[in-house]
Each structure stands twice: as C-alpha cells, then as structure tokens.
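Novice: Pasting in a structure now, in structure tokens, and then I'll have a few things to ask.
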C-alpha cells in the first residue's frame, strides 16, 4: 500500500465515522494533488486561523435587532455542526486551537480537516488539535492517474464489534511506540471499526487492527520500538542498552503477536524520527518563529477583539464597536432623558482597541572572561559581539552584557539600546580567574525574567569554552560546578528562555554541546573561527 | 451525551481524591488539574458533575438560593418553592465575554419594553456549585482578574449601565490545562486549593482497561452507566456522610503544629497553605470515617495541597511533588 492508497483509505474511513475519528491533518502544499485530495471532502466549511470569537460563536446582530425591535442573534460559524476545513492550521493560535478542540469534544463540529502548509518540521498544526485528529495525510510522490477514492458516508449506520484481544493489541502497540496520549489508541479502535464496516464485516479482525495502527500511530510515535537497532544506527553503547532492554522485553513475552505489526508500522515511521527526537527531547518548548514573542498592547500591531474599558489617555477608543454596543440601549436611555435627541453613549459602552504585536528582543550576552577563555578567544568574542551589536542596533534589539569570571558573575551592562556604552564596557572587560558558568547562567536567567515582565523577549547568547570549575556558591569544585550549570540550564529551559551556545574553545567541548541540549539551544562550535565568521553563524542561528 | 461515570475512571487516584475532597468541603477552594493531552482531565471533571449530591434550591432562582428570602430582588422568582436540583457544574468557555461571565443588562427587555433588568451571568449560575474552566492557562487576562476577585470575596458586584447589583457567587473553581501551552499566573495558581498533576497510566494493563471502558461507553453509554451506577452512588453516599461528619472531626495541637512546620519547611508564601492543608486533611479524615486527623491524613494530602504553592527551585531536578514528600518525611518523621 503506497502513500496515496493510504490517503484514500484515510479519507474513506473519516467519511464513514467522522465523529469517532475527528478528522485528519492534511500536510501538503498548495498543488493540484492537494486539490484532488480536497475535492474528496464533502460539504466542508472553510475556516481561517484568524477567526474571531464573534464569528465562531455568533453574537448579537445589531442591525437586525434594532430594525426588528427583538433580539436577533447572528449565527456563529459552528451553529450547524459543520465539517470544518481549517486553512493554514500551522498558524492557528493556541487559543483558537483550544476552542476548536472543545467544540470537537462537545460534538459541535462534525469533523475537522486541518490543512497544514508548514515548511519546517516544527511548523505544525497545534498539538492540542492534532491529538484529536486520527490521521495525518501526507502523500508522497506523484498522484496516480484516476486517483479518486469513493468517500461516502454510511447511511445504514452499521456497527462492528471489537474483541478484547484486539483492544489489548492496540493499546500495547501505542505504549511500545511511546505514544503517551490515550486518545491515540481510542482513535485507532474507531479506525479499526470503520475499516471493518468499509469491508462489510460486523467484526473487527486483525487486518483492521493493522490498518488502523498503521494509519493512526506512525506520526505520533516518539520512540522506535525496542528491537529497532537494525533500522537505526545508534551509538554502540546505546544500541547495547537497547538490545538489553529488547531482550528483557521479549522474555516477558507479553505480546508475541504484536511484533509483526510493529515491523509494519516501523516501515512507516518518519525517517527523521531519531533526528527529531535528538533535537527536541520531551517537554520541548513551543516553537516561535520570528524575532520576539507576542505581546498585547493598545498602540500598534495586529488588531484583536476590543474590550470594555475606560478611556485613560493611554488607550484608544474603538469607535465602531462602541457605537455597536451603545445602539441597543438607545430606546431605554431616550425614555430616561427625553430632552436629548442625539445618540446617548454611556461610559459602559466604551470599547478600547487592542493589538497584538511582536515584542522587542533582548539579546543577553553571557561572556566567559575566565583565564582559560581569555587565553583562547576572548578578544575574538569581543569582536564578534561588536559586530552583532551593529546588527542588533539595526533591528532595534536591546542588548545586555553579563560576564563571569573568578567566583561569580557580574552584570556589566543592563538592557540598553546604546551602542556606544556597550562597546565601552566590552572593551574594558577584563579576563582571568575560574569559570563560574552556573553563576553566569543564573544571572542571565534573572535578567531574562525581569525583561520578560517588561514585555521584552529575551534571548541568551552564551560564549564560553565550557570548562566550568566554580560552583554556584563560589567554591572551586569541578563536578559540582558542572552539575550546577546543568541545573541552571534546565531552569532556563523551563522558563522558556531562548538561548544559543557558542563554544569559543580551541577544540569543541563535549559538555557544552550537552548543555546546549539541556537548554534546548543551538550549539555552535567555533574552533579557529574569526569574528566575522562567528557573527555570520550567530545571525544565521538567530534568524531561524 | 451522558458524562462518563466517575467510578469507571481507571487510576488517576490523586485527581479523584482531590475532587472528592472538594465535594466534601467546598471551602477547600477548587482543584487545578494539570497534565498532558489525553490523560482524562476533562472526563474526570464532567464525571464529577454526575457524582455530586443534589442541593436544595428555590425553584427558578438564578443564583440557586437555598431559601426564598435569599433570592435576589432583581430576579422574579414567583414560586418560592424549594426543590432539589443537581449541583450546578458550569462551564466557562474560553471565548466567554465579560458580559456573559458577570452578567449584564437584559438586552431583550431593554429593547422591547424599555425596562432596566439584570441578566445574570455564569457566575450567578455557578453559585453553590462548580465553575469549570478548561484550558485555564489560556484564559484572557481580564477574565482571570474578574474571577480572582469574585472567588476571593464570594460576591459578584456589577456596576454598569446604570445597574448596581451584587449577588452571592460562592463556587468551587475547577481548572484544567496543559502546562506546555502556557503558564498560569501565580495569583490564580494560589487561588486553587488543591492541584494535581496527571499523566497517562504507565502500565499496559491500565491503559488497556482505559481503552476498553471508554470504547464500551461510546458504543452503548446507557448499559455502561447502569453498570457503574451503584459504585457512583456508593461514593456519593460517602461524600454526603463525610460532609455531615465534618464539624465533628478534631484537630489537636500537634496536628496544627505539624501543618505549620511543614509549610515553614517548604517556605510556602502566606498562610493559605496551612489552612488548605488542614481542611483537606479534615475532609479526608471524614471520608475515611476517622474521628480525628492523624499524621497519615496530612501525609496523603500534603502533595496535592502544597505542591503548587512552592517557589520554584532551580537546583532541584525532581518535581515539586517530590519536594513536598521529602519535607513531609523529614517533618513528620
């Protein structure tokens, strides 16, 4: 079965049981092939990811209400239980995703197809939504000629029963593929039933289970099942470890019949699964493209729904929605004050404009000025920072500078946009002493927190040679220093601070690459690079 | 669709305990359920609605008042009869506007009859019951502010459009969310009495059982619910009995000092930690039919009552739940 057959089957199954399966993610770019896939979907209603609550849930229809004298509510997008076609779902904000998920759970949506045009692997449909949709449709290669699956519903309302053993198999498979969410096996059960109905059977058999698992599981898998050493080249000791686990698993002999299925699914696992896992360990932060994070304000940016408020001189009035909210009350108010014949507006009608914008970015340079770094590359690092500063100035970024050496870290320059000051402080940066990496990270973390509360989006750029040898409490203790640095990095990751690790040692330092992993940050080793090269790499890594 | 029966939920004991405790003593103040997708957060809350014992309320009263004289004067409750009704469990949808939450002028009556009348919002309907917010961490800030204010005072004050109305709004906040999608503001975090972290069951047998039950429920919910009706009723009976026994449960001085010591050891801010810990322990003692609170009770409720009140410690790799347990072991040794 090739990917186009699988696509056809997925579409057929969803048509049979939209409520049980939720729908599908269609990860394709705009193309004739995608149009062919979309033409198989019947009666869908298009929804852009920018839809507001008013449009979604409906609200008071002001003009109809006023002209009729009765309350007329406009119907929301969801009023007739549509099958939704969410366009550009990779740009769907989390709150809309949450509302759609709720609507799916409550049965206000018959089914949902999320078009996903993401180019990068981390540009995807929001996970809350993806969890509820059974299939991912991602056909590869050329579309076969005359590809036109029959997607008709099931008017007869047939039902298929499923045996306990098959449920066991479905749940076990999910566990072995490292799928945490229990929605996945439930969706697989529904898919197996649908497939049985499709083949006019009233009992689910093992083929149905296999097809269901191969359609629902591969894109959700977070681990390659234990006996997978042959397909994935692992480092020797890890492979050994896996082998051990694998044998212990099979001696348990818990699921002998599942192995064949595992093999079938393994062939369908995305080829970059291992690479993806290495990049984003569990609990990874949500990706945010662009420079800064989102921030609500009342001055500029993209408009979002207005809210009630008082005019305090800092915010702007949304005239249209103010008039809209005042309109229904006019008869009531006129009765109270008959002497006025103009529009009567009260403070409670005032609606304020709100906008959401990308916030400014703050680059926090954390520079290792210890003896070992000073010997190697401190000057080059300084030069690189100066070049970066020029770019930061051009993109209106804020800059802060922290250096660490001896027994602690020091904030050399609080967040500023002043280029001159930064350069001066940087030039005066002395070198020498131990490497209190953990202190540097801690101070950077504190500064990042402060900056966040002021509405900046901090990014930490760590330049070091990585040989931490001073612990948080200032004692020279190498293992403790390394452990402290790790836990500070974990904390930064937890706070969701973006970071970048630059190794300025003479040779790439293994522990720094690991630190970068803990931080969830890109790691750049720069043996023998000059300032210019460093800058190029950094700006490339930051631009992403 | 019918809610999934509470007693049919597999595992998730912390979550179930927390919900039962707030049902026994609503003053504990709410439950926060945080966890990954597909762990059964929403299912449990909706199941709770089916489990709660009914309350007595005046017929047609918008705030579910217990006695006719407590009905607000803006509501026209004609009958004045007191009837049994299920405990309200009100959903606060993410897209809810301020008007819908606190209530506003009744637009229909203003338009057609030119009358000024108050149309109560979700807070009124949730009085004496539960207010459930799914994805609580994604709630708009200004709605959160409103909720904080009302949850603290137990009273909803509406001053708008020439209306000046206040009514009782005492409810148990139940929130659920996925921490990956956004943090919860610490002010709101503190407002929840108990917090639970849930994850999918880790052993395969449990997972299979979850799938089996859920599938059976979806195929034929009536038969399935009938099967668990008796178990649900048993829990409900225990909750009612425990609620009545609550004032009788004693807490001696050693327990009080244990509570205080525990909170000091953990460095939780304010005194809400101690108070919640004590209330939760008392509710647990009542549920288990004990006459006095023992250290054993403290030990079981400490993680859910305290873990969300700690300052974050970057040097600790384990979760805050483990930190609470460590302190419990050392203080209650």
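Bear in mind these aren't lab numbers, they're just calculated from the coordinates by the rules spelled out. Since the structure is predicted, the reported quantities are computational estimates derived from the model, not experimental observations. FYI the Cβ positions are ideal-geometry reconstructions off the backbone, even for glycines, and counts take in every protein chain you see.
Novice: Rounded to the nearest 5, what % of DSSP beta bridges with both residues in chain B are antiparallel?
Specialist: 40 percent
Novice: For the Cα atoms of chain B, what angle does the longest principal axis make with the long axis of helix B:295-306, in degrees from 0 to 90, nearest 10?
Specialist: Approximately 60 degrees, to the nearest 10.
Novice: While we're here: Please determine, in degrees from 0 to 90 and to the nearest 10, the orientation of helix B:320-331 with respect to the longest principal axis defined by the Cα atoms of chain B, where the helix direction is its Cα long axis.
Specialist: 60 degrees
Novice: What number in nm² do you get for chain B if you take the convex hull of its Cα atoms and divide its surface by four?
Specialist: Spelled out: convex hull of the Cα atoms, projected over all directions, averaged, 19.3 nm².
Novice: Return the calculated 222 nm mean residue ellipticity for chain B, to the nearest 500 deg cm²/dmol, obtained by summing -39500 (n - 2.57) across DSSP H runs with n ≥ 4 and dividing by the residue count.
Specialist: -14000 deg cm²/dmol
Novice: If you build the convex hull over the alpha carbons only and average its shadow over all orientations, what do you get for the stretch A:301-357? Give it in nm² to one decimal.
Specialist: Result: 4.3 nm².
Novice: Here's a follow-up. Along the Cα-to-C-beta direction of residue A:38, a point sits 7 Å from the Cα; which residues of the stretch A:74-90 have their amide N less than 13 Å from that point?
Specialist: Within reach of a label on residue A:38: A:85-89.
Novice: Here's something else I'd like to know. Between B:24, B:235, B:165, which gets the highest mean-square fluctuation from a Gaussian network model of chain B, Cα cutoff 10 Å?
Specialist: For chain B, modelled as a Gaussian network with Cα springs under 10 Å, the answer is B:165.
Novice: Continuing with this model, one more query. Over the stretch B:6-198, what lengths in whole Å, largest first, do the semi-axes of the equivalent ellipsoid take, defined as the square roots of 5 times the eigenvalues of the alpha-carbon gyration tensor?
Specialist: 30, 20, 13
Novice: Quick check: the angle from helix B:204-219's long axis to the longest principal axis of chain B, C-alpha only, nearest 10 degrees?
Specialist: 20 degrees
Novice: Once you put a point 7 Å from the Cα of residue A:207 and another 7 Å from the Cα of residue B:79, both along the Cβ direction, what distance in nm separates them?
Specialist: According to this spin-label approximation, the distance is 5.9 nm.
Novice: What does the structure give for A:180-187 when I average, per residue, the other chain Cβ atoms found within 10 Å of the residue Cβ?
Specialist: 6
Novice: Separate question: Treating only the Cα positions of the stretch A:375-450 as identical point scatterers, give the base-10 log of I(q)/I(0) from the Debye formula at each q in 0.12, 0.14, 0.23 Å⁻¹.
Specialist: -0.34, -0.46, -1.17
Novice: Related question: Let's test this: bin the Cα-Cα distances of the stretch A:3-56 at 10 Å from zero up to the farthest pair and state each bin's percent.
Specialist: Bins of 10 Å from zero give 19, 48, 28, 5 percent of pairs.
Novice: Something else now. Remind me, relative contact order of the stretch B:247-331 in percent, using alpha carbon pairs under 8 angstrom and six or more residues apart?
Specialist: 36 percent
Novice: Could you give the radius of gyration (one decimal) and Dmax (whole number) of the Cα atoms in the protein assembly as shown, in Å?
Specialist: Gyration radius and largest Cα-Cα distance of the protein assembly as shown: 29.9, 91 Å.
Novice: In nm, what is the difference between 0.36 nm times the number of residues separating residue B:330 and residue B:67 and their Cα-Cα distance?
Specialist: Going from the current span to full extension adds 89.8 nm.
Novice: So if I take the alpha carbon set of the stretch B:121-279, get Rg, then get Rh from the Kirkwood formula, what is the Rg over Rh ratio?
Specialist: Result for the stretch B:121-279 is an Rg/Rh of 1.03.
Novice: Rg/Rh for the stretch B:22-101 to two decimals, with Rh computed the Kirkwood way over all alpha-carbon pairs.
Specialist: Rg divided by Rh gives 1.04.
Novice: Can you tell me the alpha carbon radius of gyration of the stretch A:1-139 divided by the globular rule-of-thumb value 2.2 N^0.38 Å?
Specialist: Relative to the rule-of-thumb radius for its length, the stretch A:1-139 sits at 1.14.
Novice: Let me ask another. How big is the shadow of the Cα convex hull of the stretch B:247-331, averaged over all directions, in nm²?
Specialist: 5.2 nm²
Novice: Give me the Debye-computed log₁₀ of I(q)/I(0) at q = 0.12, 0.17, 0.21 Å⁻¹ for the stretch A:118-174, equal point scatterers on Cα only, no solvent, two decimals.
Specialist: Once normalised to I(0) and log-transformed, intensities are -0.64, -1.09, -1.10.
Novice: Please list log₁₀ I(q)/I(0) at q = 0.12, 0.16, 0.18 Å⁻¹ for the stretch A:361-543, using the Debye equation with identical point scatterers on the alpha-carbon positions.
Specialist: Here log10 of I(q) over I(0) equals -0.47, -0.88, -1.16.
Novice: In percent, what relative contact order does the stretch B:22-80 have, based on Cα pairs under 8 Å that are 6 or more apart in sequence?
Specialist: 20 percent
Novice: Could you tell me the relative contact order of chain B? Use alpha-carbon pairs under 8 Å, at least six residues apart, and round to a whole percent.
Specialist: It comes to 21 percent, rounded to a whole number.
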